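Worksheet: one structure, shown below.
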Amino acid sequence: MLKEKLLVLVGPTAVGKTKLSLTLAERYDAEIISGDSMQVYRGMDIGTAKATTEERARVPHHMIDIHDPDYPFSVAEFQQRTEGLIRDINGRGKLPFIVGGTGLYIESVCYRFQFGQGGSDEAFRAEMQAYAEARGAEALHARLREVDPEMAEKLHPNDLRRVIRALEVHHLTGERLSEQLKGQKKQTPYELCIIGLTMDRALLYNRIEKRIDQMIEEGLVDEVRSLLNRGYGKDLVSMQGLGYKEIALFLEGRCTLDEAVELLKRNTRRFAKRQLSWFRHMQDIQWVDVTDMEKISDHLSEIHAIIAGKLTLDR
């Protein structure tokens, strides 16, 4: 039985995935599946760097704007929905193309992770949530670092839901979530090609800072204000996302806009570092260094060669 085909493009934020993905999608008659855990939320456009309306008109995009910001989106739901999309897109003779930077979500699809180990403890979750509210997200993250330092390194302190889940797994099973993930069978059910983009760290950080400045110019403050005014509180998982939590601090009068922007730049640099760390531990990634942005044709030639060696395509 022929395996379904799957093309994947990963890399840290601001490395240039969106622009390149459009070129590749048009070349290979692909449909893009967003591999970003925040782009599922409606009304969160600027801070999540969604593809524009014009870009989505060029290439079909999936897993964008499917939930309101108060919906508890999970990796298990991402996996289930994305597997359905992969079947559908392949069935229509197109190439499914996951593009994004949320490592666990993407890896769960590529290798069909099994979820649900350990069950749940609602009382424990509530206790951890209350702990974070009383002492701060950093304090809860410190507790995770004590029991599972490897998972703590991968999760931002503001990612409360996943920090709490990692603590809950340890609480219920006595095992580290990081070890459970390592125990997943890394055998893909797909004819799989994963391309990773990387670049010089200083250049990446510069691009991150410019992107954030552009987000402010495009109206990120108004976007966050609108979400808060519509009743989406800052304690929601979605509102803990990069850009939203920092700007909410400014709107609450707890810091200046300049301070919020600098905090956002710092947090995003740290996030990019964690993304790279996650992807470096993934198997099957073929890395392409895009530091020299003037050599886009060379980068494309390298990528085309990687795809030709991994996927059997009649195009």
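The values are calculated or read from the model by the stated rules, or taken from the named source; none is laboratory data. Because the structure is predicted, anything quoted here is derived from the model rather than measured. In this analysis, Cβ positions are derived from the backbone assuming ideal geometry, glycine residues included, and neighbour counts consider all displayed protein chains.
Of the helices (runs of 4 or more DSSP H) lying entirely inside region 100-211, those containing at least 2 residues that are more than 30 Å from residue 5 (Cα to Cα) and touching a residue at least 12 places away in the same chain (Cβ under 8 Å) span 122-135, 137-147, 149-154, 160-173. Within region 69-97, the set of residues being surrounded by 16 or more Cβ atoms within 10 Å (Cβ to Cβ), in contact (Cβ under 8 Å) with a residue 60 or more places away in the chain and in contact with a Leu (Cβ under 7 Å, 6 or more places away or on another chain) comprises 69, 86, 95, 96, 97. Pairs meeting the criteria (first residue in region 273-302 and under 12 Å from residue 10 (Cα atoms), second residue modelled with pLDDT under 90, beta carbons under 6 Å, at least 6 apart or on different chains) are 278/154.
Inspect region 237-247 for any residue being of a type in the set (Val, Ile, Thr), more than 24 Å from residue 71 (Cβ to Cβ), part of a loop (DSSP other than H, G, I, E, B) and touching a residue at least 40 places away in the same chain (Cβ under 8 Å) and give the result as yes or no.
no
Just to be sure before I move on: is residue 274 surrounded by 14 or more Cβ atoms within 10 Å (Cβ to Cβ), in a helix (DSSP H, G or I), under 24 Å from the mean Cα position of the chain (by Cα) and at negative phi in the structure I sent? Yes; evaluated as a whole, the condition is true for this residue. Of all residues in region 277-313, those that are modelled with pLDDT under 95, in a helix (DSSP H, G or I) and among the β-branched types (Val, Ile, Thr) total 1. If the condition is being among the small types (Gly, Ala, Ser) and in contact with an Asp or Glu (Cβ under 6 Å, 6 or more places away or on another chain), then region 242-296 contributes only 260. List pairs: first residue in region 55-66 and farther than 22 Å from residue 77 by Cβ, second residue among the hydroxyl-bearing types (Ser, Thr, Tyr) and outside any loop (DSSP other than H, G, I, E, B) anywhere in the structure, Cβ distance under 9 angstrom, at least six positions apart or on different chains. The qualifying pairs are 55/18; 59/21.
Inside region 235-261, can you point out the residues that are of a type in the set (Asp, Glu), surrounded by fewer than 16 Cβ atoms within 10 Å (Cβ to Cβ) and closer than 25 Å to residue 134 by Cα?
Those that are of a type in the set (Asp, Glu), surrounded by fewer than 16 Cβ atoms within 10 Å (Cβ to Cβ) and closer than 25 Å to residue 134 by Cα: 235, 252, 259.
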